[in-house]
Amino acid sequence: MAERERRSTPPFGGVFVARTQVLDADDVRRAIWRMAHEVLERNHGLDDVVLVGLQTGGVTFAEAMAEALAKIDGEAPPLGTLDVAFHRDDIGLRPVLPSAVTEIPVDLTGRVVVLVDDVIFTGRTIRAALDAVHSYGRPRAVQLAVMVDRGHRELPIRPDFVGKNLPTRRDEVVNATLEGVEIGEMSKEHR
Amino acid sequence: MSARHLLGIAELEVADIERLLRLTDSFVEVGRRRMPKVPALQGRTVTWLFYESSTRTRLSFEQAAKRLSADTLNFSVPTSSVNKGESLRDTVATIEAMGVDAIVVRHASSGVPHQVARWVSGSVINAGDGWHEHPTQALLDCYTIRDHLGGLDGLHIAIVGDINHSRVARSDVWAFTKLGAEVTLVAPPTLLPPSVEGWPVRVDHDLDAVLPTVDVVYLLRMQRERMLEALLPSLREYTACYGLTRRRVDLLRDKAIVMHPGPMNRGVEIAADVADLPRSVVIDQVRNGVAVRMAVLYDLLGSGADLSRDLPGRDAR
Amino acid sequence: MKTIAIRGGEVVDATGSRRADVLVEDGRIAAVVPEGEGRDLVADVTLDAGGCVVAPGLVDLHTHLRQPGAEEAETIETGARAAVLGGFTCVLAMPNTTPAIDSAGVAREVLELGRAACCDVRTSAAITVGRAGEQLTPMAELAALGVRLFTDDGTGVQDGRLMRRALEYASALGVVLAQHCEDAVLSGGGAMNEGAWSSRLGLPGQPAEAEEVMVMRDVALARMTGGRVHFQHLSTRRSLELVAAAKAEGLRVTCEVTPHHFTLTEACCASYDPVFKVNPPLRTDDDVAAVRAGLASGVVDCIATDHAPHTPEAKEQPFDQAPPGMLGLETALALALTHLDLPIAEVLALMSWRPAAIIGADDAHGGPIAEGRPANLCVVDPSATWTVDPDRLASRSRNTPYAGMRLTGRVRHTVVDGEAVVIDAEAQR
């Protein structure tokens, strides 16, 4: 689940108020292209690579990356989406409802799965995603691409491909879309 | 869910039903995975309290709980202390003392899940009580209809048979109509409830006239003991008037589907060859039952809807 | 025996009302001193009746005391204590005990136990042996012991021919036959009123007609035999219409209704709490309105409690399996005062002197408060409010449907046979 969405779910939530724009749409596009090249380089091509966007914030980035890879390499890798709600470690603590149905188009056994998300923060979403991926087979390797790494990890997890390293305070909120990356906070005022 | 329990469809809001059906979509996907199991309810315990024999509902709930990684405790009534005269309340207190998060109750008497719900701090799920309700059956029926016909809004559904003694009918009437379908009950007057005042349904006694107008024909199981209560002259006459025969199937629209909560009496409410037609979706109902029950268990135990469970102070109880 | 002075109240009986003090000596009313006469009564015990009504003790024609056979639910001792706390000085035990009160031996046992209890315990007896509806009980022998009312309560006498013979036989004895009106085949084991609510809740219902056909039959038999019939706990509009017509015709019929049938409706069953299961079942709003109208118009002769204690274990069964019945003695008067739009004198008529007359208990109960009369009295504070708390009831059981309900009108003192058995709403023994 995207960070922004999770944090805005009652009773924790509020309304996101942007304070600073860190990247604009062009910066984001360039970062995606760079990460696409890094994926190709690391895996010596796209054989066996499957892109899996994490619901909901990672899905558009995964689509954009697939598009970039198709332009660079001529062929798009298989693209899936994954909702990790049922694998989260905070079930029962707060409302954890899946936002969309997971779609994994191929058996993941023997594949290189590149998980794609918008922002990595505590690492708990990725832990859940690693758990979920194994329901679809035994991948040869799992790699992680994120648009923004904002630090504050609570688990020994590190992304392989990063669009932007962005030091933040814990109480700040990062909003990353194809239109840009902003830092802001949740206003407690509900409008 | 607004409450801790699932006791009946009548108490649910439309939004509750819709959320459960959306959640079912996700669990149907889980069921298709190479490893169709998620850790969502790890550490939670679900137990069955079935005072009435039921193979399919019980297995379906058990499969649902296991796919959610919940621990399950089987309370087998025929071999338990219930036969030694233990009261329902004592049995429930005993089970609860062992530490369970949800009790799934099936009982031949209407209202037992409501009574149990007053005695426990965990969740109670009604798996069928007397003639009253069978909410998970109604949810899986809605899901199956939605799956085949795209939605329920604007559909016309005929529920045919022993309405008065049917918990399935009492749940389906509310579920179907809340989701926007029109419902017609088709039965001889002796098998209708004494009053349908306040029910959002029409009543008809002529199946042949109703069939060409419906999108779904839902057949109820006809029980033999009804003959002894002077409710019907004979099964033969029932089949002649209300059975879904091959001839009657031809009255249906092309896309209309045939449903049955099972177990079917082939040759009574449904002709043997009709039960096996492609438009008969009985097996889909059973298949969807697991995902629906996962959705219900997850919604009650896993979605954090009952946030007070984990708030400080709750332990003082 | 201690003398008692009841001071400062308003004395209300069938003859009217006046402010007066009452002196009780040796089980009888020794003096009634109107206010302003200035005589100061001297007594061992003085009961304050300021703001209260001093009335003849209440009489309940329908009390299940459960002894012998179900002492875990109630005993004659605990039932009598509940009675006096509710203002009753006389209760009539119902015969559906184990064994049934169908012989002189069992009747004697009940009366013997009753003598040690804190109110006047009288007993009814069954019309048929074992309440099985087949053979008449020894009515003459039972009448000689003082039984004035016969009933198979818990069930109705199904066999019309047998009911006819019972009425004919009883007419020579000067006793009244009372009927629990329920055609058992038509009611078919229904757990609540048949109708919109039973349909919705999926509970087997019993139709109003199961009661009404038996009222109809027994009106016909009363006409045929000239016998005295008392209809117990009537609960439907048409039952009361049938009784009204029979009375207009001059037949010797009387009837009672219960507090729950003028306060609660079938909608209560939606909780599936068996505390609301009772027989006859709680009916519709329209029936409740008809019962209230019948109380106001005089078609209904009296209010009877149908006090029916059951253990928690019994009432924790599923709704359709739990036994029917609810407690009544300790709440009946307050419910009548709170929920009936009747003057207190009319409520007292329905609960004291009219029921007393039906069973010939008017020699000791319900009579005028006058010098020389037996001292069976209750002192009621009509404006006191209280909340029903099942754990504070004197009954051995807890199955009141009124738990948590606020009621207006409370019994302050009760005097039975010249003894103050309730003082300031506390039982004295």
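Since every read-out is calculated from the coordinates, none of them should be taken as a lab result. Everything numeric here is computed off the predicted structure, so don't read it as measured data. Reconstructed Cβ throughout: ideal geometry from the backbone, glycine too, with neighbour counts over all protein chains shown.
Taking a Cβ cut-off of under 10 Å around C:Ala296, the surrounding Lys, Arg, Asp and Glu residues balance to a net charge of -1, with basic ones at +1 and acidic ones at -1. Computed from the C-beta positions of C:Ala184 and A:Ala76, the FRET efficiency with R₀ = 60 Å rounds to 0.15. Does the range B:23-171 come out rounded, prolate or oblate, given a ≥ b ≥ c as the square roots of the eigenvalues of its C-alpha gyration tensor, rounded meaning a/c under 1.5 and, failing that, prolate meaning a/b above b/c? Oblate is the answer for the range B:23-171, as a/c is 1.5 or above yet b/c matches or exceeds a/b.
Calculated on the alpha-carbon coordinates, the convex hull of the range C:57-358 measures out at 111 cubic angstrom per residue. Can you tell me how the range C:270-424 classifies by the Cα gyration tensor, rounded, prolate or oblate, using a/c under 1.5 as the rounded cut? Since a/c reaches 1.5 and a/b is larger than b/c, the shape of the range C:270-424 is classed as prolate. Panel values: the protein assembly as shown, Kirkwood radius from alpha carbon pairs, Stokes-Einstein at 37 °C and 0.692 mPa s, translational diffusion coefficient 101 µm²/s.
Across the range A:26-41, coupling constants 3J(HN,Hα) worked out from phi with the 6.51/-1.76/1.60 Karplus curve, θ = phi - 60°, read 5, 4, 5, 4, 5, 4, 5, 4, 4, 5, 4, 4, 5, 5, 4, 5 Hz, and Gly and Pro carry x. Computed as a quarter of the hull surface, the mean projected area of the alpha carbon convex hull for the range B:135-285 stands at 7.9 nm².
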